[in-house]
Amino acid sequence: MMLTLSHICKTFYPGTVNEKRVLTDLNLQLASGDFVTIIGSNGAGKSTMFGAICGDFLVDGGSILLDGEDITFQPAHLRARHIGRLFQDPMRGSAPGMTIEENLALAAGGTGPFSRISRKDRDRFRQRLALLGMGLEDRMKQPVGLLSGGQRQALTLLMATMNPPKLLLLDEHTAALDPATAEKVLQLTKEIVREHRITTMMVTHNMQNALELGNRTLMMDGGSIVLDVAGEQRSALTVAELLERFRAGAGKALDNDRILLA
Amino acid sequence: MNVSAIFSLGQTALELGLICSLTVLALYLSYSMLNVCDLSTDGCFTLGAVVGATVAIAGHPYLAILAAMAAGICSGFVTAFLQTRMGVDSLLSGIIVNTALYSINIAIMQGASLLSMNKAETVFTRMKDFLEPTPLAQQYKLVVSVIAVAAVVVFLTFFLNTRLGLSIRATGDNVDMVQASSINPVFTTTVGLCVANAFTGLSGCLLAQSQKSAEINIGSGMVTIALASLLIGRTLVPRGGILVRALGAVLGAFIFRVVYAVALRLDMPAYMLKLVSSVIVVLAISGPYLRRRFPLLMRRIQGARAAGKGGNS
Ligand SMILES: Nc1ncnc2c1ncn2[C@@H]1O[C@H](COP(=O)(O)OP(=O)(O)OP(=O)(O)O)[C@@H](O)[C@H]1O
Ligand SMILES: [Mg+2]
């Protein structure tokens, strides 16, 4: 198993009026190479689950195993060696005041604290950037702050997979992009994930994407997983059915304009 | 004012500007790069001055430099420790360390509030002896300052382009991204503040040695003066790489001193220095803000006027 979450619990502000039980006995196993799409209503705990895996906070109970290693109590920056993560906000993943090549150099890491960006590094960065087909390979000396949201998100994707991680977490990473750019970034995601066989979890509010991408679909509600389909069962599922299950699972009427039928 | 007076005025401004620009470079690292406003700067400057003076008086002028920088590193480490490990707010941890350093500095001076280096050898007296036979004999202070500033600028240019330096810059730019790159932001903040305070200590040490005395208030107001210089530099040199902007910071320090020296000539009392530096900092920080607000303000006034006219007719 690449990732094993067992009995994960998280309550924010315990013992106060604001007490919020966000993750309630969450269990999940991902096989190596799994590409899992995750749906769930707002506040279901999807981002919080990612936060728990990445070490934004310590969980109240349960354990997290990544590729056999218990990372439940590991600090976030150490987990980041094996986990890549993209957020909805394209601004979160890169440093705007630094150049594209400096951002990539930081993401690439390696070769000692006093090493500088070498010609070899530059060639490697240029090659990787060219794959994006956005012309960024000719703008390596420009600050990242000058890029558009879509370009920044594509760059972040490149940075997160520079050293292919064991686990890639995508939290609605195309939600803030226009449809064409979103499609492009999604395409890049698919290619990179396939090329390096990265185990991936992707949160999306697009039911179509949820069923078409990857090999497994999860639905979260109230802090745990309420639907888990793969294989035949999943291929048989239609968007309309999924939406039906979504309503049933959520147990409430949905008037959520973030759910797209595509 | 005759030519030689102008010349000597310029020279003093240059020497002082260069020595203090080391503190400006420290803030360039902590304030501009790390995005931490390090309010322990005043205390650390004095710390460098008194530690340097004590060691120089004991007969080790070169060791004094290293000791002052080491003391600065310790001070920076404590400031960083408080804000990264003890949950103290970053401004507050600077203020706390600054206050604590007051006692420590007096303790180092063994209860006195002034150390005189009149009879002690300093890097400046050594340089003076060394330059005796050359035409630069009168410029010994300038030579020492230039060497120190050049060394620090070269170091910064190199350091901030290494991977460690990049991660320090990213810490002030986007700390999430530092963590995502498997680097501990606690570590980068600590290293950044240690290095910055080493420069502040060096700056204090050199100022004390050039004045042949270290007193307990030598660093007071330094953080505002240095910030003013840094912001002047940033206004003059808004773009460019690390080297260019570091040189901009040095230029800012020099210009600040020139303006101050001219003001003194025009009979501004010396005690106005700190008021002037405060005003410059306020102008430099709020200037861009007010400029952004200005169009809005104009539209409001126009709107009000239009409404007034409408009411009359
Ligand atoms: N740091 C926090 N402190 C307090 N409450 C939090 C915190 N983070 C999340 N929550 C709460 O936990 C619940 C789940 O939030 P989460 O962000 O995981 O939802 P989500 O499934 O990602 O929703 P969305 O689809 O809107 O992104 C929400 O009710 C939120 O208010
Ligand atoms: Mg979310």
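B:Val24 falls short of the stated requirement of being assigned to a loop (DSSP other than H, G, I, E, B) and at pLDDT 95 or above.
Residue-by-condition table, conditions (1) open to solvent by 20 Å² or more (accessible area, probe 1.4 Å); (2) within 14 Å of another protein chain (Cβ to nearest Cβ); (3) β-branched (Val, Ile, Thr):
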position: A:Gly40; (1), (2), (3): no, no, no
position: A:Leu58; (1), (2), (3): yes, no, no
position: A:Thr72; (1), (2), (3): no, no, yes
position: A:Arg79; (1), (2), (3): no, yes, no
position: A:Asp89; (1), (2), (3): yes, yes, no
position: A:Met98; (1), (2), (3): no, yes, no
position: A:Ala108; (1), (2), (3): no, yes, no
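Could you run through the stretch A:207-220 and say how many residues are within 16 Å of ligand 1 (Cβ to nearest atom) and either within 14 Å of chain B (Cβ to nearest Cβ) or farther than 27 Å from A:His82 by Cα (or both)? Walk me through how you get there before you give the answer.
Residues of the stretch A:207-220 within 16 Å of ligand 1 (Cβ to nearest atom): A:207, A:209-210, A:217-220.
Now narrow it down to the ones that are either within 14 Å of chain B (Cβ to nearest Cβ) or farther than 27 Å from A:His82 by Cα (or both): A:207.
Qualifying residue count for the region: 1.
When the stretch B:242-282 is filtered for residues that are more than 18 Å from B:Leu16 (Cα to Cα) and at pLDDT 90 or above, the ones remaining, listed by number, are B:Ile242, B:Leu243, B:Val244, B:Arg245.
Rundown of residues vs (1) in contact with a Gly (Cβ under 7 Å, 6 or more places away or on another chain); (2) among the charged types (D, E, K, R), yes/no style:
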{"residue": "B:Ile218", "(1), (2)": "yes, no"}
{"residue": "B:Val223", "(1), (2)": "no, no"}
{"residue": "B:Leu236", "(1), (2)": "yes, no"}
{"residue": "B:Leu243", "(1), (2)": "no, no"}
{"residue": "B:Lys274", "(1), (2)": "yes, yes"}
{"residue": "B:Ser278", "(1), (2)": "no, no"}
{"residue": "B:Phe294", "(1), (2)": "no, no"}
{"residue": "B:Ala306", "(1), (2)": "no, no"}
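Do we have A:Met202 as within 29 Å of A:Met134 (Cα to Cα) and either exposed (fewer than 13 other Cβ atoms within 10 Å of the Cβ) or at pLDDT 90 or above (or both) here? When the stated conditions are applied, A:Met202 passes them. Restricting attention to the stretch A:42-53, the residues that are surrounded by 20 or more Cβ atoms within 10 Å (Cβ to Cβ) and either more than 13 Å from ligand 2 (Cβ to nearest atom) or away from chain B (no Cβ under 14 Å) (or both) add up to 7. Does the stretch A:61-79 include one or more residues that are in contact with a Ser or Thr (Cβ under 9 Å, 6 or more places away or on another chain), within 22 Å of A:Glu19 (Cβ to Cβ) and charged (D, E, K, R)? Scanning the stretch A:61-79, I find no residue that is in contact with a Ser or Thr (Cβ under 9 Å, 6 or more places away or on another chain), within 22 Å of A:Glu19 (Cβ to Cβ) and charged (D, E, K, R), so the answer is no. Exactly one residue among B:Gly219, B:Gly204, B:Gly165 is within 14 Å of another protein chain (Cβ to nearest Cβ) and open to solvent by less than 30 Å² (accessible area, probe 1.4 Å), and that residue is B:Gly165.
Here B:Asn174 fits the description: touching a Ser or Thr at 6+ places or on another chain (Cβ under 7 Å), open to solvent by 10 Å² or more (accessible area, probe 1.4 Å), within 14 Å of chain A (Cβ to nearest Cβ) and within 30 Å of A:Arg122 (Cβ to Cβ). Being out of contact with any helix residue (DSSP H, G or I) (no Cβ under 9 Å at 6 or more places or on another chain) and part of a strand (DSSP E or B) is the filter; apply it to the stretch A:17-46 and report the residue that is farthest from ligand 1 (Cβ to nearest atom). Checked the stretch A:17-46; the qualifying residue farthest from ligand 1 (Cβ to nearest atom) is A:Gln29. Out of curiosity, is B:Thr99 surrounded by 15 or more Cβ atoms within 10 Å (Cβ to Cβ), at pLDDT 95 or above and of a type in the set (Ser, Thr, Tyr)? No, not satisfied.
Here is a yes/no grid of residues against (1) of a type outside the set (S, T, N, Q); (2) without any contact (Cβ under 8 Å) to a residue 24 or more places away in the chain:
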{"residue": "B:Thr235", "(1), (2)": "no, no"}
{"residue": "B:Ala270", "(1), (2)": "yes, yes"}
{"residue": "B:Val279", "(1), (2)": "yes, yes"}
{"residue": "B:Leu283", "(1), (2)": "yes, yes"}
{"residue": "B:Gln302", "(1), (2)": "no, yes"}
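Checking A:Thr99, A:Thr181 one by one, the residue that is over 17 Å from B:Asp173 (Cβ atoms) and among the β-branched types (Val, Ile, Thr) is A:Thr181 and no other. Would you mention how many residues in the stretch B:182-193 are open to solvent by 20 Å² or more (accessible area, probe 1.4 Å) and either of a type in the set (Gly, Ala, Ser) or away from chain A (no Cβ under 14 Å) (or both)? Count: 1. The residues in the stretch A:166-183 that are touching a residue at least 40 places away in the same chain (Cβ under 8 Å) and open to solvent by 10 Å² or more (accessible area, probe 1.4 Å) can be counted, and the count is 6. For the stretch A:112-123, the candidate set comprises residues that are more than 7 Å from every other protein chain (Cβ to nearest Cβ) and surrounded by 11 or more Cβ atoms within 10 Å (Cβ to Cβ); within that set, the residue that is nearest to B:Val175 (Cα to Cα) is A:Ile117.
Conditions tested, residue by residue: (1) more than 16 Å from the chain's Cα centre (by Cα); (2) of a type outside the set (Gly, Ala, Ser); (3) in a loop (DSSP other than H, G, I, E, B); (4) farther than 15 Å from A:Gly223 by Cβ.
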residue: A:Thr4; (1), (2), (3), (4): yes, yes, no, yes
residue: A:His7; (1), (2), (3), (4): yes, yes, no, no
residue: A:Thr48; (1), (2), (3), (4): no, yes, no, no
residue: A:Ala52; (1), (2), (3), (4): no, no, no, no
residue: A:Leu58; (1), (2), (3), (4): yes, yes, yes, yes
residue: A:Ile64; (1), (2), (3), (4): yes, yes, no, yes
residue: A:Phe73; (1), (2), (3), (4): yes, yes, yes, yes
residue: A:Glu102; (1), (2), (3), (4): yes, yes, no, yes
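The values are calculated or read from the model by the stated rules, or taken from the named source; none is laboratory data. Everything numeric in this text was worked out from a predicted model, so none of it was measured. Don't worry about glycine lacking a Cβ; one is built from the backbone with ideal geometry, like all the others, and counts go over all protein chains shown. We work out accessible area using only protein heavy atoms, side chains counted, and drop any ligands, DNA or RNA first. Shrake-Rupley method; radii C 1.70, N 1.55, O 1.52, S 1.80 Å.
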